[in-house]
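Encoded as structure tokens, the structure appears first; notes follow it.
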Amino acid sequence: MSLTLRVLAPDQSVFDGTAEEVILPSTTGLVGILPGHISMVTALDIGVLRVLSNGTWNSIALMGGFAEVEADDVTVLVNGAELGNKIDPSNAEKELEDAKSELLQLENQTTTTSPEKIKAQQKLNRARARLQATSKNS
């Protein structure tokens, strides 16, 4: 038995295929999905979706959204997504370092507003997810 997984972003279909297992980054923690899972809908956080397909784990960086599980079909609707094997690890690492320093600078300034800090934190979370998606074991 297997799952049918679809990962859809507004501008593209990121993944459409079968999987033996899916691990979702829900807003309440990681959720593992196997064939025969109960029906559910969950909100997704910025993070990494893991897919076990043909005995190989693959990663997809997700930028938040929702997932629906229904009768061995998993549909993931996200704001943005990238296949981990399409992300350049050195660029992702540089983006993470830049996002960390930007957030640190904002936290040290007394005139910075909360929306600026929230945007910087989201940028850091996206950069971290992209870097984690490049690694097979993260």
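Things worth noting here:
- For the stretch 95-127, the tally of residues that are in contact with an Asp or Glu (Cβ under 9 Å, 6 or more places away or on another chain) and of a type in the set (D, E, K, R) stands at 3.
- Flag for LEU44 being surrounded by 21 or more Cβ atoms within 10 Å (Cβ to Cβ), under 17 Å from ALA81 (Cβ atoms) and without any contact (Cβ under 8 Å) to a residue 60 or more places away in the chain: yes
- The set of residues in the stretch 99-124 that are closer than 29 Å to LEU8 by Cβ and either buried (at least 17 other Cβ atoms within 10 Å of the Cβ) or of a type in the set (Asp, Glu) (or both) comprises ALA99, ALA120, LYS123, LEU124.
- Verdict on LEU62 being touching a residue at least 60 places away in the same chain (Cβ under 8 Å), closer than 25 Å to SER2 by Cβ and not polar (S, T, N, Q): yes
- Subset tally (residues that are part of a strand (DSSP E or B) and among the polar types (S, T, N, Q)) for the stretch 7-46: 5
A short reminder: the numbers here are calculations on the coordinates, not readings from a lab. This one's a predicted model, so the numbers in the text were calculated from it and none came from an experiment. A quick note on method: Cβ atoms are made from the backbone with ideal geometry, for glycine too, and the neighbour counts reach across all protein chains shown.
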